[in-house]
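The values are calculated or read from the model by the stated rules, or taken from the named source; none is laboratory data. Since the model is a prediction, treat every value here as computed from it, not as a measurement. Cβ atoms come from the backbone with ideal geometry, glycine included; neighbour counts cover every protein chain shown.
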Amino acid sequence: MTQESVHNFSRLGHEIEIIREREGIPGASNFEERLGIRVRYGLKFDGEIIEWSEFVEAFDNEEDAIRLAEVGEERSQKLG
């Protein structure tokens, strides 16, 4: 399993980071026509991971990353 930061930004004094986590799918075979990798995204808000997307079988899932960035922006606006 690997984690990497894919996006960092600040809103209203709050630090927001989107983290991508990838892992191999257990039991995936070279004979199957499957990607063999699954990915999920995490939202780190002011240094604490507060939300994860579900794992999907893909190399990347930009829609989840964008959704979590929007959640981070909304939270920063609520907190001021």
Taking Ser5 as the residue in question, decide whether it is modelled with pLDDT under 95 and not hydrophobic (A, V, I, L, M, F, W, C). no
Here is a list: Glu48, Glu54. Which entry is in contact with a strand residue (DSSP E or B) (Cβ under 8 Å, 6 or more places away or on another chain), under 16 Å from Glu21 (Cα atoms) and loosely packed, with under 12 Cβ neighbours inside 10 Å? Glu54
So Phe59 fits all but one of (1) surrounded by 13 or more Cβ atoms within 10 Å (Cβ to Cβ); (2) of a type in the set (A, V, I, L, M, F, W, C); (3) modelled with pLDDT under 95; what number is the exception? (1)
Flagged pairs (Cβ under 7 angstrom, 6 or more apart or on separate chains; first in region 67-80, surrounded by fewer than 15 Cβ atoms within 10 Å (Cβ to Cβ); second in a helix (DSSP H, G or I) and not small (Gly, Ala, Ser)) are none
In region 54-68, what residues are closer than 18 Å to Phe9 by Cβ and not acidic (Asp, Glu)? Ala65, Ile66, Arg67, Leu68
